[in-house]
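J.: My questions will all concern the structure given below.
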């Protein structure tokens, strides 16, 4: 999976823009530079996606049942709150589960989500090339496992959870906006005589929803990345979350919180078109079997 180097733009001042960062990455590190840190996200994407969409659907059902039967479709507030819960559930264990399920989900989330994210960021921010014959310093981390073990050895087990708070503050509001935007656009553009939107509406709504979610989430994404990289190569600059926010704002101004927004939106549109088409196909299949999948 190709990952544009947005984390480098957020954390390293030598990269001044998307194009300059992409050219510098390719010239120094080759194609491999665009895929750094992707092995862990690829192995965990199915789990995190199932938690997000599963929590969202379960919350919608719970809120609908709380209002009582025959009260009509879910309200915008219910969609927003369900999306908020889905985003938080990526970082915290799901709330609607038995004790055994909660323990298992907690182990999954704690052992994978936050540590996996910091490993991805650390590897993506390595600008040293692994090409033979180059005179530049060798990368600090040889791969995901070496990065994980190095963080534990140098920073302790809690070092793996640096940036967990802004990660939660990013995903909660961004997923709430994500699902609300998708639902709203589908309602606006869906034909009144159809129960389900056309596939073209699903694709458009999914793409715009992805962009809206990243617009809300990018400020916390910047803070998360900076906290995760703080002290990795130089003296620690930030005392904690609040200090990182205020110091970043003081030194670089409010515009820094939207660094990489363009590249995030550029990536989010096509990705979430596919995500929501897949989501609608699967939910239609599960509700009514193969004959329920119609656009």
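J.: Given the conditions (1) within 22 Å of residue 124 (Cα to Cα); (2) out of contact with any helix residue (DSSP H, G or I) (no Cβ under 7 Å at 6 or more places or on another chain), which single one is not true for residue 215?
T.: Residue 215 satisfies all of (1) within 22 Å of residue 124 (Cα to Cα); (2) out of contact with any helix residue (DSSP H, G or I) (no Cβ under 7 Å at 6 or more places or on another chain) except (2).
J.: While we're here: Given the criteria under 30 Å from residue 114 (Cβ atoms) and assigned to a helix (DSSP H, G or I), does residue 233 qualify?
T.: So residue 233 fails the test.
Residue by residue, here is whether (1) crowded, with 23+ Cβ neighbours inside 10 Å; (2) within 14 Å of residue 120 (Cβ to Cβ) holds:
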position: 142; (1), (2): no, no
position: 145; (1), (2): no, yes
position: 155; (1), (2): no, no
position: 162; (1), (2): yes, yes
position: 167; (1), (2): yes, yes
position: 178; (1), (2): yes, no
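J.: Of everything in the stretch 267-295, what is surrounded by 15 or more Cβ atoms within 10 Å (Cβ to Cβ) and at pLDDT 85 or above? Give them in sequence order.
T.: 267, 268, 269, 272, 273, 275, 276, 277, 279, 280, 281
J.: Among the numbered conditions (1) surrounded by fewer than 15 Cβ atoms within 10 Å (Cβ to Cβ); (2) at pLDDT 55 or above; (3) under 20 Å from the mean Cα position of the chain (by Cα), tell me where residue 123 comes up short.
T.: (1)
J.: Now, a different point. From the residues in the stretch 249-266 that are surrounded by fewer than 18 Cβ atoms within 10 Å (Cβ to Cβ) and touching a residue at least 40 places away in the same chain (Cβ under 8 Å), which one is farthest from residue 237 (Cα to Cα)?
T.: 266
J.: Answer yes if at least one residue in the stretch 234-247 is at pLDDT below 90 and within 23 Å of residue 20 (Cβ to Cβ), and no otherwise.
T.: Yes, the stretch 234-247 contains a residue that is at pLDDT below 90 and within 23 Å of residue 20 (Cβ to Cβ).
J.: Same structure again: For the stretch 1-79, list the helices (runs of 4 or more DSSP H) that sit wholly inside it and hold at least 1 residues that are closer than 25 Å to residue 90 by Cα and modelled with pLDDT of 80 or more; which are they?
T.: 39-67
The values are calculated or read from the model by the stated rules, or taken from the named source; none is laboratory data. Since this is a predicted model, take the numbers as computed values, not measurements. Because the Cβ atoms are built from the backbone with ideal geometry, glycine has one as well, and the counts that use them run over all protein chains shown.
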